[in-house]
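Comments concern the structure below.
Rule-based calculations on the coordinates, nothing more; no lab input. Note that the coordinates shown come from a computational prediction; the quantities given were computed from them, not determined experimentally. FYI the Cβ positions are ideal-geometry reconstructions off the backbone, even for glycines, and counts take in every protein chain you see.
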Amino acid sequence: PGTGPARGRGRPRERYGLSGREAEVMGLIASGMTNAQIAATCFISEKTVKNHINRIFTKLSATSRSEAIALWLGTAPGPGPG
């Protein structure tokens, strides 16, 4: 079974409700790619990449790439006890 840095239940894609393409884009963001590199890799426009990123940020409740990456990889601090 899958092991890795992600904590919590389920894989990040299911946990955050991302589509297959959004999960692909998020993985490329986490690998350090720029929007232009993601567009070229996925054969989509940079505008489409930005649209995907906006939807990803909404679903992850993230306000930056670094925050989204931390949430995606399961390294962001979670809610406290109680």
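When you scan region 14-29, how many residues do you find that are over 10 Å from R55 (Cβ atoms), among the charged types (D, E, K, R) and touching a residue at least 12 places away in the same chain (Cβ under 8 Å)?
1
Among the residues of region 18-32, which ones are acidic (D, E) and part of a loop (DSSP other than H, G, I, E, B)?
None - no residue of region 18-32 is acidic (D, E) and part of a loop (DSSP other than H, G, I, E, B), so the list stays empty.
If we only count helices (runs of 4 or more DSSP H) wholly inside region 33-82, which ones have 1 or more residues that are crowded, with 16+ Cβ neighbours inside 10 Å and in contact (Cβ under 8 Å) with a residue 40 or more places away in the chain?
In region 33-82, the matching helices (runs of 4 or more DSSP H) lie at 46-60, 65-73.
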